[in-house]
Amino acid sequence: MSLARALADEDEEDRRQGGGSAPAHVPLAFWSWWTLGLVLIAVAPRLIYLFGISNPENAGDGLYTDVYQHWQIAYLTKEIGLSHGLRLWDLKGVEYFWGTLHPIALVILFFVTGSTDIVLARIQSLAFGSLSVVLIFHLCRRYWNLSVALAATAFAAFAPTSVFNDASGMLEPMGVSLSLLGIWLLPKRSLRAGIAWGLATAARPEAWLSSPGLVLASFLRPATVRRWFLLLLGFVSVMGAQMAFLNARTGNPIYPLYWNYLANADGLWMKPLIASQQSARPWFIAIWAMATVGLLTTLWRRPRSYLLLLYGFGSCAMVFGLFGLTAFITEWYPWRWMMWILAFPYDFAALLVAIGLFVIVPRYLGRGIRQISWLTAGALLVAAQLTWIPIETAYTSTASAWNTDVATGRYIAGIFSQPDYRGGALNLPPPDHPAVTYALVHYGGLDGSHFVSQLYDPFYYLPAGYHYADHPVTAGTLLQCWLSTTNTSIFVMPDDRADYLAYAADHPAWFEMVGRVADYNWTIEAVHVPTPSPQACARSALDARAGG
């Protein structure tokens, strides 16, 4: 018998026991002593891990580098972006890639606290992760019983993958909690449910698929149909404002959806497939198939809990479908199982196990089996704690990368802070080193308004394959104009940028080596470029675009 059918039968049994359409148990108020206790239970292990076990400043450099990327977007938005109107800012050009809500919320935290510490990002993530724990309890209590709620909540609160990811500083806990909040708000608070699901799309790219699905699926519930206007009003208002903003800033109203799924799934940035990834693909396809069957069966049977089940099965189908059916499989590594992308699927799997132990098994074997069910649930939770061993091994391995980035940031900041250079701009390599940016600010005391990204150098705007060696006069003038207009005083020059190296070699009087970062093969050059005329800059730009 399918899980969804069993759940539908449970609903019918509840109605028979209750003598009407309402379930037999009395629902708990959200604002209650239960909720307060749940908040404390959820927050405690996350705070202990954040401040007592992990290094609060090291979110997992090299493992969770994206945490520093999200911080960098929020920080540079505060320091630079807001001075250009309401817009996000980044050195790597991915400021809108993940959505807008997370960096905006972090910017607000920066202003309110007066700090830009990465710990704020981790606390924000921790808070939303704890909210998810509370919502899982209340949803399970609403749809099933207290035993299911306690067992599912215990896993969400104490599972190492949940604690580790919630305390990481990633944006996924925000998106998941907003999606769960929308489910909990229905059917009585339809307007707020629509707003919550709309905000989820601004917090997590996956919600661009799940939130519209939840909105459509909610109309299968008669109580929601009667409030369809308010639900749509809340959802469409948030989505409309978000899409208008994205279109104004990027020219693409579905920018996060497009680049996260259409480009990722198509393999635009993916690395070559390796044997271990190919061998894992059949397992992902099998799990995707099971999740899809659960999704379709839930739609067919539609138990009272169908929105929560749809969100859970849909999340699993989406994640494992990406790995099993698309080029995204090249992003699978042996340590990926502990990462954010599987955190909620684990919580949902635990919820299904709790339903099996405390709803389905007692129905067929009698209520006397509950003691064994509790022993089984406890044993599974204890066994899950063993995953702390590989998680901590992986996290501990990031200490070396973190120490390197801190030392690099201190070193570059020490050079730039010298009187001859600090009045200019620090021209930085853009890709994959946001932790160095954090170290420049947090440990080096630099102001982000001095940072210039090499992503948007003159070659960014020129045809592919346009190089200094082929066009030394035109490209050289463009580089001179760029360094001059950005007021670059320190140029962090990567060894793999042949255009920069050749240009510096041809103009030795304009560059002076003042340092070297051997770990990343960067040369630090002091820049003394004379200011070219605006006419020369404009003429060179036209020549370059014409291929000259």
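Listed options for mean projected area of the Cα convex hull in nm² are (1) 27.5; (2) 25.7; (3) 22.6. The value calculated from this structure is the one marked (1). Local charge for Ala394 was computed over the other residues whose Cβ lies under 14 Å away, with Lys and Arg +1 and Asp and Glu -1, and equals -1. Taking a straight line from the alpha carbon of Lys78, these lysines sit under 18 Å away, with near neighbours fewer than eight places off in the same chain left out: Lys92. Mean Kyte-Doolittle hydropathy of 1.6 or higher plus an axial Cα length of 24 Å or more: which whole DSSP H helices in the chain meet both? Result, helices passing both filters: 306-325.
With both partners inside the chain, how many of the DSSP beta bridges are antiparallel, as a percent to the nearest 5?
Working: 11 of 18 bridges.
Once the DSSP bridges in the chain are tallied, antiparallel ones form about 60 percent.
Do the sum for the chain: with -39,500 (n - 2.57) for every DSSP H run of n ≥ 4, divided by all residues, what is the mean residue ellipticity at 222 nm, to the nearest 500 deg cm²/dmol?
Details: 23 runs with 320 residues, N = 548.
Result for the chain, helices only: -19000 deg cm²/dmol.
Evaluated with a Cβ-only charge set (Lys, Arg +1; Asp, Glu -1), the chain carries a dipole of roughly 2680 debye about its Cα centre, given to the nearest 20.
Show Ser132, Ser32, Ser449, Ser83 ordered by accessible area, largest first, where the area counts protein heavy atoms only and the probe is 1.4 Å. All intermediate terms of the calculation are to be shown ahead of the outcome.
Details: Ser132 10, Ser32 35, Ser449 65, Ser83 90 Å².
I get Ser83, Ser449, Ser32, Ser132, largest accessible area first.
Which whole-angstrom value gives the distance between the alpha carbon centres of segment 346-420 and segment 235-261? The two parts, judged by their Cα centres, are 32 Å apart. Scoring 142-153, 237-248, 302-313 by mean Cβ neighbours within 10 Å over their residues and listing the highest first yields 302-313, 142-153, 237-248.
The values are calculated or read from the model by the stated rules, or taken from the named source; none is laboratory data. Because the structure is a prediction, the values reported are computed rather than measured. We place every Cβ from the backbone using ideal geometry, glycine too, and count neighbours over all the protein chains shown. Just so you know, the surface numbers come from the protein's heavy atoms only, side chains and all, with ligands and any DNA or RNA stripped out. Shrake-Rupley method; radii C 1.70, N 1.55, O 1.52, S 1.80 Å.
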